[in-house]
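Here the structure comes first, spelled out in structure tokens, and everything after it is commentary.
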Amino acid sequence: MRPASVGIVLLLVISCASPVRSSVQEWAGLRMHGLLLELVDPETVEQLWFTDDGTVSATVGQRHGYLAAPAYTWRIHGQWLVIGGDDQKFTQRLRALHVGKRTIKVEDSEGRKSVYKYRHEI
């Protein structure tokens, strides 16, 4: 077998063995897989960690009180990031207003504005 033929066969074997990757999901230009959002608030704790399988691990509560760690689901609906519970009703809907280098300003479905720090954990 000639070297060029070996290279083509090897390329075919590698590409057939590689898993098919799903499209990268983004919201407001941010890649969702591995995204960590942390609410900037002196009293309220809210950290949301997103995975590519549509789940969100959360830490919520008060800075000097109790914390909970619920699990949610997420999806993108137009310009909205929709975070839901087990019953699939949305718990929170966020629309990005401004994305900075490390923060994102959002508006919820009731018009309240918040700021989150963000980073990618993966």
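Which one of the conditions (1) surrounded by 11 or more Cβ atoms within 10 Å (Cβ to Cβ); (2) of a type in the set (D, E); (3) touching a Phe, Trp or Tyr at 6+ places or on another chain (Cβ under 7 Å) does E107 fail to meet, given that it meets all the rest?
Result: E107 fails condition (3) only.
Please enumerate the residues belonging to the range 42-55 that are surrounded by 13 or more Cβ atoms within 10 Å (Cβ to Cβ) and charged (D, E, K, R).
Once the filter is applied, which keeps residues that are surrounded by 13 or more Cβ atoms within 10 Å (Cβ to Cβ) and charged (D, E, K, R), the range 42-55 yields E46, D52.
Find the residue count for the range 72-87, including only residues that are touching a strand residue (DSSP E or B) at 6+ places or on another chain (Cβ under 7 Å), within 19 Å of V60 (Cβ to Cβ) and either hydroxyl-bearing (S, T, Y) or surrounded by fewer than 17 Cβ atoms within 10 Å (Cβ to Cβ) (or both). Break it down stepwise before answering.
At the first step, the residues of the range 72-87 found to be touching a strand residue (DSSP E or B) at 6+ places or on another chain (Cβ under 7 Å) are 72-76, 79-85.
Right, trim to within 19 Å of V60 (Cβ to Cβ) and you get 72-74, 81-85.
Remaining after also requiring either hydroxyl-bearing (S, T, Y) or surrounded by fewer than 17 Cβ atoms within 10 Å (Cβ to Cβ) (or both): 72-73, 85.
Residues flagged as touching a strand residue (DSSP E or B) at 6+ places or on another chain (Cβ under 7 Å), within 19 Å of V60 (Cβ to Cβ) and either hydroxyl-bearing (S, T, Y) or surrounded by fewer than 17 Cβ atoms within 10 Å (Cβ to Cβ) (or both) within the range 72-87 amount to 3.
I'm told A69 meets every condition in (1) surrounded by fewer than 17 Cβ atoms within 10 Å (Cβ to Cβ); (2) within 15 Å of M32 (Cβ to Cβ); (3) without any contact (Cβ under 8 Å) to a residue 24 or more places away in the chain; (4) among the hydrophobic types (A, V, I, L, M, F, W, C) except one. Can you identify the failing condition by its number?
The number of the failed condition is (2).
Taking the conditions exactly as written (among the basic types (K, R), out of contact with any Asp or Glu (no Cβ under 7 Å at 6 or more places or on another chain), without any contact (Cβ under 8 Å) to a residue 40 or more places away in the chain and closer than 26 Å to S23 by Cβ), does K101 satisfy them or not?
Values: among the basic types (K, R): yes; out of contact with any Asp or Glu (no Cβ under 7 Å at 6 or more places or on another chain): yes; without any contact (Cβ under 8 Å) to a residue 40 or more places away in the chain: yes; closer than 26 Å to S23 by Cβ: yes.
So K101 fits the description; yes.
Looking only at the range 57-98, which residues are over 16 Å from Q25 (Cβ atoms) and of a type in the set (A, V, I, L, M)?
Within the range 57-98, A58, V60, L67, A68, A69, A71, L97 qualify.
Those residues that are in contact with a strand residue (DSSP E or B) (Cβ under 9 Å, 6 or more places away or on another chain), more than 27 Å from G78 (Cβ to Cβ) and assigned to a loop (DSSP other than H, G, I, E, B), I need them from the range 24-64; list them, please.
Residues satisfying the conditions are E43, R63.
Kindly indicate whether any position in the range 51-64 is more than 22 Å from the chain's Cα centre (by Cα), modelled with pLDDT of 90 or more and more than 25 Å from K105 (Cβ to Cβ). Please lay out each step first, then the result.
Restricting attention to the range 51-64, the residues satisfying the condition of being more than 22 Å from the chain's Cα centre (by Cα) are 62-64.
After this cut, where a residue has to be modelled with pLDDT of 90 or more as well, the list is 62-64.
Those still in the list that are more than 25 Å from K105 (Cβ to Cβ) too: 64.
Looking for residues that are more than 22 Å from the chain's Cα centre (by Cα), modelled with pLDDT of 90 or more and more than 25 Å from K105 (Cβ to Cβ), one finds at least one in the range 51-64, hence yes.
Which strands (runs of 3 or more DSSP E) does the range 70-122 wholly contain that include 3 or more residues that are touching a Leu at 6+ places or on another chain (Cβ under 8 Å), at pLDDT below 90 and farther than 17 Å from T44 by Cα? Show your work before the answer.
Values: elements: 71-77, 80-84, 90-99, 103-108, 113-120.
Of the strands (runs of 3 or more DSSP E) lying wholly inside the range 70-122, none has at least 3 residues that are touching a Leu at 6+ places or on another chain (Cβ under 8 Å), at pLDDT below 90 and farther than 17 Å from T44 by Cα.
The values are calculated or read from the model by the stated rules, or taken from the named source; none is laboratory data. Bear in mind the structure is a predicted one, so any value in this text is a computation, not a measurement. Note that each Cβ is placed from the backbone with ideal geometry, even for glycine, and that neighbours are counted across all protein chains shown.
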